[in-house]
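Following: one structure in structure tokens, then a few remarks.
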Amino acid sequence: MSGWSADFSNDPFDDYKLIVEILFNDEDVAVIKQGISGLEIKWYSSDIDYIIPMEWLLELLNDAKNKLLSN
């Protein structure tokens, strides 16, 4: 899982709602946020094919669901 991390922060462009920024080697690659019909993941365009550790992503999604939906 080397290089992968996530930061819970507030979105200054959306009334400072809680979001999760997904990073690879300290570079933003995606964001998880509350959408109209539930949680959404926006993956940013890249020339690199990222291999994402599934167990880490599942844990992150569960954590995001618990924290983002409780606000």
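Filtering segment 10-28 to residues that are free of Cβ contacts under 8 Å to residues at least 40 places away in the same chain and in contact with a Ser or Thr (Cβ under 7 Å, 6 or more places away or on another chain) leaves Glu21, Leu23. When residues in segment 41-71 are screened for being free of Cβ contacts under 8 Å to residues at least 24 places away in the same chain, surrounded by 14 or more Cβ atoms within 10 Å (Cβ to Cβ) and over 16 Å from Ser9 (Cβ atoms), 1 of them pass. Test Asp15 against the stated conditions and say whether it is at pLDDT 90 or above, in contact with an Asp or Glu (Cβ under 6 Å, 6 or more places away or on another chain), over 15 Å from Ser70 (Cα atoms) and open to solvent by 30 Å² or more (accessible area, probe 1.4 Å). When the stated conditions are applied, Asp15 does not pass them.
The values are calculated or read from the model by the stated rules, or taken from the named source; none is laboratory data. Just so we're clear, the structure is a prediction, and the values are computed from it rather than from any experiment. Please note: Cβ atoms are built from the backbone with ideal geometry, for glycine as well, and neighbour counts cover all protein chains shown. Surface areas here come from the heavy atoms of the whole protein model, side chains and all, with no ligands, DNA or RNA. Shrake-Rupley method; radii C 1.70, N 1.55, O 1.52, S 1.80 Å.
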